[in-house]
Amino acid sequence: MSDQHTAPTPAAVLPRHPADGFTADPLGVLDEGHRRHGPVFRMPVDGEETVLVGTWAGLGELFAAERSRLEVLNTPLVHDLFGHALFNLAADGHGEARRRLRPALSGRALPGYVPSLLDVIGPATDRWALHGTADLHGQVRELTGAMSARVLLGIIPGEADAARFAAAFEEFVAATGAPPGPARYADRRYWAGRSARRDLHDLFARRAAGGAPGGTALAGLVAVFADAPAEAGPLEDHLLALLIAARETTASLLTWCLVELAGHREHAELAAAEARTVAADPDRLVARDGLPVLRSVLAECLRLHAPNLLSMREAVCPLTLAGHRIEAGTRVAYSPSAGHFDPEAFPRPRRFWPGRFLAGQASASRLWAFGGGAHACLGRPLAELMALGVMACALQRGLPSLPAGPPDRISFRPAKAPIDPLPFALESVS
Ligand code: HEM
């Protein structure tokens, strides 16, 4: 039968939305698409036809339907570089690896990480208070890398492994920018990244054998992976994945928290008063109901500036979403924040207004910034602790300010961030 006589599949009649303007304002395009077409529509993403899923209800339906019907769509490059890391695994191996990784990243593990995190954060925020910085996002990325290395691997800033780790990690990160398909083999970054991956695996194994210092996840992870089945993947692959998953996302969130506080002095002053209580009682950083003002700033920044733009899936068998049949083999993407600007859930959605989460006008449970379903973020408690720790330490030293004004140009991938260096300072208040 010729193509023109083939009955259209229901997926083919999904409404199609133009991708015009997506690079400059992806959230605006997605928002408009969902306003016009509802939770599901088609649109080209990176030149490939993709089914976009959004709105709070749409994501709820996606996550409920995803197990055994959708798989994370990773490029051959990501498979090569990350091996059997969590987000490259499917089915049983994935569930097994999550079960084994979760305790080290859960809320219960956090109190043990507070002192070592504060040791890393203190000197960095002292420097911001004394000298400011010409590049807020660059500094925050470095700090996030140091915090993750401290908590996950026990690497203390200044020790010999800190420089070795940072150099190899940068090579590895650079390799993620190589072409995703066969052209990767002709790219120098790819081979340097493969070599950096081997060096990092050696470093992880050496530190695991040497007995990690206190306040680190490594010893517990080594113990739970000692008898893990092969399908759960090697711990070295998971450690590298955790370090990568932590870095751009947490650095993005922190950058926008500090940018918004710099632009809203009254919120910064309120938050600073609360931050000062952390100096006397650091456990407030992990107390369930502790630090409501700082937590409301965090929630509002996750709403307005969700770090991840899109998460990709591929349908491995047919499924139905919002009444539309999606065929096996279809590329599906969701945007964690394509529901964060719904005026019914968040009145005056473009406004920075952390108080909406304090007064009960809005609920943080309506935010999908950490994803949901089978691949929901495992690092959420640690990410929130790192963000609260940095905000608290920074605000104890001064009020954030942007001497050259807020960022003009923004990139949205790999995570939302200013494109140009952004001068930042902490102004002391007497
Ligand atoms: C503000 C910071 C963070 C944000 C916004 C964030 C967001 C997300 C999102 C949206 C996903 C789901 C991706 C998908 O659906 O394909 C995810 C997955 C993941 N995140 Fe995070 N993340 C953050 C920090 C962290 C940290 C600190 C860690 C680890 C220390 C981490 C580890 C992971 C892992 C391992 C996955 C994959 C889970 C799986 O495939 O089962 N994340 N994250």
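The values are calculated or read from the model by the stated rules, or taken from the named source; none is laboratory data. Computed from a predicted model, the values in this text were never measured in an experiment. Every residue, glycine as well, gets a Cβ built from its backbone with ideal geometry; the counts of neighbours run over all protein chains shown. Keep in mind that these areas ignore ligands, DNA and RNA; they rest on the heavy atoms of the full protein, side chains included. Shrake-Rupley method; radii C 1.70, N 1.55, O 1.52, S 1.80 Å.
Each part gets one Cα centre, and for the stretch 412-430 versus the stretch 67-85 those centres are 32 Å apart. Using C-alpha pairs under 8 Å with a sequence gap of at least 6, the mean separation divided by the residue count of the chain gives a relative contact order of 25 percent. A 1.4 Å probe run over the protein chains yields, for the stretch 302-395, 35 Å² of accessible area per residue, whole-number rounding. Alpha carbon centre of the stretch 270-320 versus the stretch 329-356: separation in Å? First find each Cα centre; the distance between them is then 15 Å. Heavy atoms of the protein only, probe of 1.4 Å, neighbouring chains included. What is the accessible area of GLU269 in Å², nearest 10? Counting only protein heavy atoms, GLU269 exposes about 100 Å² to solvent. The fraction of accessible area contributed by carbon and sulfur in the chain is 55 percent, rounded to a whole number (1.4 Å probe; ligands and nucleic acids excluded). Shape of the chain from the C-alpha gyration tensor: oblate (a/c of 1.5 or more and a/b not above b/c, with a ≥ b ≥ c the square roots of its eigenvalues). Using Cβ point charges alone (K and R +1, D and E -1), the dipole size of the chain about the Cα centre works out to roughly 420 debye. For the listed peptides 377-386, 224-233, 118-127, a ranking on the average number of other beta carbons within 10 Å per residue, highest first, reads 377-386, 118-127, 224-233. Heavy-atom accessible surface of the stretch 181-242, averaged per residue, reaches 48 Å², computed with a 1.4 Å probe. For TRP353, the solvent-accessible surface computed with a 1.4 Å probe is close to 60 Å², ligands and nucleic acids excluded.
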